[in-house]
Amino acid sequence: MEKRIDLTQTVYQLTQEHPEIIDIMASLGFTEIKKNAIRLSAGKLITIPKGAAMRGISLDQVVKALRDGGFTVVGDVPASAGDSVHSRLVSPSDEATLRIKSLLKRLNDGESLESVRADFVRDFKDVPATSIMKAEQQLIAEGQSAKEVKKLCDVHSALFHSRSQDDFHHGMHHDQERMMMGQAAESKDKTASLRATDGHPLQTFYRENDAIVKALNAVENALRRDGDVAALLGQARGLAVHYAKKGDLIYPLLNTKYGIYGPSQVMWTIDDEIRAEFSSLLRQAANPGAQWLKRAEDLVVRAREMTFKENRILFPVCAANLTDDDWLQVYIDSKAYAPCLGVEPQVWQDGEALLAKEKTANCQGGTNVANELRVDMPGGSLTISQLTALLDTLPMEVTFVDTDNINRYFNQPFAAKAFKRPLAALGREVFSCHPPKIEPMVRAIINDLRQGKRECVPVWMEKDGRATLVNYHAVRDAEGNYMGTMETVQDMEEARRHFAK
């Protein structure tokens, strides 16, 4: 049978159908193709010609190697040998992205931040946010981990600052409002319009960043004046709510629906590191020495920088991409979160109208119980309303992920939860809902359950100071075939107190 390679298909599709091309491509310099995580993420978004362009490898050379391996190559095949893949596949608009990538790589190779920043300011002070985004996506697609790329994220600050390193650390708050209003050129008007809409989620995100910067400034002032740094640091830690909303409602949406995965992975990693450093410092606050104070100072700088990156890059990108329906869902799902640093979201009339409509539909659906659909099961039968109420009454949070790793069901959808489950996550791959540092663990657990290596994986933890048990269960049919994974979350604080008596 003829083995055909269609260059218009993605790397993921081709390697699924022909695993042997992994070794062929790796021998040509595409070493990242051997990593399952890369093929499952970036591999779903890029083709071989695009990958060759990013790596600067001749497509003719790739085609020849594939043909030598016994494949018939069709699709975007070069017309003649020696033709420059780079010159044919990189458009003028891509040149800016390649130049930004070169600056980012210089920093990763050890060049000083100030040296790279100076060139960035000189050459790219008016660069659109999408170019930065694209550069980071391509770096990840080429095999650099999100952890590596996040080290380059501070170069974005060159868009905001062209002053000395000392001013960069200590003077950012002076032009904080200017930075918040600085948007990518392509979405400036739309960002401003959404930000001015009362109750719109984007307005709330900006207001939260105002509050975050104010709290960070208070910590900074305490550091300068020998004030109560620990107490103010504890208050500033409230930014965790803002970060949680980004991680649950924004990053996965940009990633899964719009293919914008570079900034999502980078910022999410930094978010987690900032939150972890807050926790670490507060645990050690009883003995705040010079090193502790220096860490607190560095944390203030890093957290403030995140507000700049959000206001200048992330939020304008959201404004440029998210639809009205997306924002409406973000608004509804945001209601499950506590106010961030005292910022109470205003009412967005469009969002409230949709919420009222959904509640009315739900109420109407259960009014005629006699004619309601019943679900027949070996242990009896229940109406849809009864089954829904029963599952929502269980004293635990329940999530079901199907055999294709897609989120299919959450119970208690509108209740307060230890782990937020936005309705927008339904229909998405479960891995997209976890931060980069957690994703490998989730993949490993589900893989073990799928293969029958384990039937249940319990994870005990402290969540908001309360004993919590998270259990992952393999769900199988009567013949033992894997149907998916059920995750349950139980608050075990009452049990701990009971047995401690």
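The values are calculated or read from the model by the stated rules, or taken from the named source; none is laboratory data. Since we're looking at a predicted model, the values are computed, not measured. Cβ atoms come from the backbone with ideal geometry, glycine included; neighbour counts cover every protein chain shown. Side chains included, ligands, DNA and RNA excluded: accessible areas come from the protein's heavy atoms. Shrake-Rupley method; radii C 1.70, N 1.55, O 1.52, S 1.80 Å.
Miscellaneous remarks
- Residue ID - nearest to LYS214 (Cα to Cα), chosen from residues in segment 227-242 that are modelled with pLDDT of 95 or more and crowded, with 22+ Cβ neighbours inside 10 Å: ALA236
- Residue in segment 342-349 that is closer than 25 Å to LYS420 by Cα and assigned to a helix (DSSP H, G or I) present: yes
- Hey, SER157 within 25 Å of the chain's Cα centre (by Cα) and either at positive phi or at pLDDT 60 or above (or both) or not: no
- Those residues of segment 281-304 which are part of a helix (DSSP H, G or I) and farther than 19 Å from VAL241 by Cβ, in sequence order: ARG283, ALA290, GLN291, TRP292, LEU293, LYS294, ARG295, ALA296, GLU297, ASP298, VAL301
- Failed criterion for GLY70 (all others in (1) open to solvent by 40 Å² or more (accessible area, probe 1.4 Å); (2) modelled with pLDDT under 75; (3) more than 30 Å from ALA444 (Cβ to Cβ) hold): (2)
- Test: residue in segment 2-14 that is in contact with a Phe, Trp or Tyr (Cβ under 8 Å, 6 or more places away or on another chain), at pLDDT 80 or above and more than 29 Å from SER432 (Cβ to Cβ): yes
- Pick from segment 38-60, criterion open to solvent by less than 70 Å² (accessible area, probe 1.4 Å) and under 20 Å from the mean Cα position of the chain (by Cα), ranking: modelled with the lowest pLDDT: SER41
- Some residue of segment 262-284 being more than 30 Å from LEU328 (Cα to Cα) and open to solvent by less than 10 Å² (accessible area, probe 1.4 Å): yes
- Given (1) touching a residue at least 24 places away in the same chain (Cβ under 8 Å); (2) in contact with a strand residue (DSSP E or B) (Cβ under 7 Å, 6 or more places away or on another chain); (3) open to solvent by 50 Å² or more (accessible area, probe 1.4 Å), index of the condition ILE406 fails: (3)
- Among (1) crowded, with 22+ Cβ neighbours inside 10 Å; (2) under 21 Å from LYS437 (Cα atoms); (3) in contact with an Asp or Glu (Cβ under 7 Å, 6 or more places away or on another chain), the one test that ASP248 misses: (3)
- Qualifying positions in segment 394-403 - surrounded by fewer than 16 Cβ atoms within 10 Å (Cβ to Cβ) and either more than 17 Å from LYS463 (Cα to Cα) or within 20 Å of the chain's Cα centre (by Cα) (or both): LEU394, ASP402, THR403
- Each residue in segment 300-309 was checked for being open to solvent by less than 10 Å² (accessible area, probe 1.4 Å) and modelled with pLDDT of 90 or more, and 6 of them qualify.
- When segment 415-448 is filtered for residues that are aromatic (Phe, Trp, Tyr) and buried (at least 16 other Cβ atoms within 10 Å of the Cβ), only PHE431 remains.
- Scope segment 212-226; condition basic (Lys, Arg) and at pLDDT 95 or above; matching residues: LYS214
- Segment 331-365 - residue that is open to solvent by 70 Å² or more (accessible area, probe 1.4 Å) and charged (D, E, K, R) and, of those, modelled with the highest pLDDT: GLU344
Listed here are the residues, each with its yes/no results for (1) outside any strand (DSSP E or B); (2) open to solvent by 40 Å² or more (accessible area, probe 1.4 Å); (3) closer than 14 Å to ALA418 by Cβ.
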site	(1), (2), (3)
LYS453	yes, yes, no
GLU462	no, yes, yes
MET483	no, yes, no
PHE499	yes, yes, no
